[in-house]
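The values are calculated or read from the model by the stated rules, or taken from the named source; none is laboratory data. A quick note: this is a predicted structure, and the numbers were derived from the prediction, not measured. Here the Cβ is made from the backbone with ideal geometry for all residues, glycine too, and neighbour counts use every protein chain on show.
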Amino acid sequence: MARVSPEHLAARRQQILDGAARCFARDGFHGTSMQDVLRETGLSAGAVYRYFPSKDAIIGALAANVLATIGRSFERLVESAHPPPPDELLAHGLRKVGEELGFPPSMVIQVWAETLRNPELRAVFQDGFEHLLTLWARIVVTYQREGRMRADVAPEAVARALAASVQGFLLQRGLFGGIEASVFTEGIRGLMSFDHGADGRPAEDAGEHDRAG
């Protein structure tokens, strides 16, 4: 019996993932069955189930692929001596999400909802999310070392705020559609330009100082 090469196995696995992504894009996550995936890929049940025992396993693999690709792209930025500012950093992340997602933005919400009932899928997202937070925190440390960001703010806190911004944008686009990434990055750029005033203190700090005086 001829031995199947690793390249062939990887290509067949990707064929299944690509076919499933087309099904999800066309019919939605809950509207897609394993039979739909079989028809879309033209493969037998045995061929598909050899790689993925269930639809949940397929969506988990798709999510892992997206998160891994995005993570690798940020790993390169972490090694940069002068990483891009936050607005460009987030724009980079959104571009990678757009390139890697094989289904409409609304599917992001459905997949997130699935993590509430599927511990294995939640673990996939948790691992990918924590990895991204670690990478972004390292970039923030570089900002602080260069004097481009306040040094008295925890890098992990900034990383979570950046992540929340991206998640919020994806949620808006999934719910309402028609929102370009450029609108989001322009808004982030505007927030970055906020001026605390001549003394550089936040408004609430200035107010307390005035009352004390």
Item to complete: Under 6 Å between Cβ atoms, at least 6 apart or on separate chains: pull out the pairs that start in the stretch 161-187 with a residue that is in the same structural domain as Ile139 (by TED's automatic domain parsing) and end on any residue that is exposed (fewer than 13 other Cβ atoms within 10 Å of the Cβ).
Response: none
Worksheet item: Within the bounds of the stretch 75-95, is there any residue that is over 19 Å from the mean Cα position of the chain (by Cα), touching a residue at least 40 places away in the same chain (Cβ under 8 Å) and more than 30 Å from Val158 (Cβ to Cβ)?
Response: no
Item to complete: Output the residues belonging to the stretch 1-25 that are among the charged types (D, E, K, R) and more than 15 Å from Leu62 (Cβ to Cβ).
Response: Arg3, Glu7, Arg12
Response to the item:
The condition of being small (Gly, Ala, Ser), surrounded by 13 or more Cβ atoms within 10 Å (Cβ to Cβ), out of contact with any strand residue (DSSP E or B) (no Cβ under 7 Å at 6 or more places or on another chain) and more than 15 Å from Val78 (Cα to Cα) holds, among Gly128, Gly168, only for Gly128
Worksheet item: What helices (runs of 4 or more DSSP H) completely inside the stretch 8-125 contain at least 2 residues that are at pLDDT below 85, in contact with a Ser or Thr (Cβ under 7 Å, 6 or more places away or on another chain) and surrounded by 14 or more Cβ atoms within 10 Å (Cβ to Cβ)?
Response: 86-100
Discussion item. Please verify whether Ala151 is small (Gly, Ala, Ser) and touching an Asp or Glu at 6+ places or on another chain (Cβ under 9 Å), treating the condition exactly as stated.
Written reply: no
Worksheet item: Looking at (1) at pLDDT 90 or above; (2) touching a Lys or Arg at 6+ places or on another chain (Cβ under 9 Å); (3) closer than 30 Å to Gln14 by Cβ, which is the only condition Ala151 fails?
Response: (3)
Discussion item. Against the conditions (1) within 24 Å of Phe176 (Cβ to Cβ); (2) in contact (Cβ under 8 Å) with a residue 60 or more places away in the chain, where does Gly128 fall short? Just the number, please.
Written reply: (1)
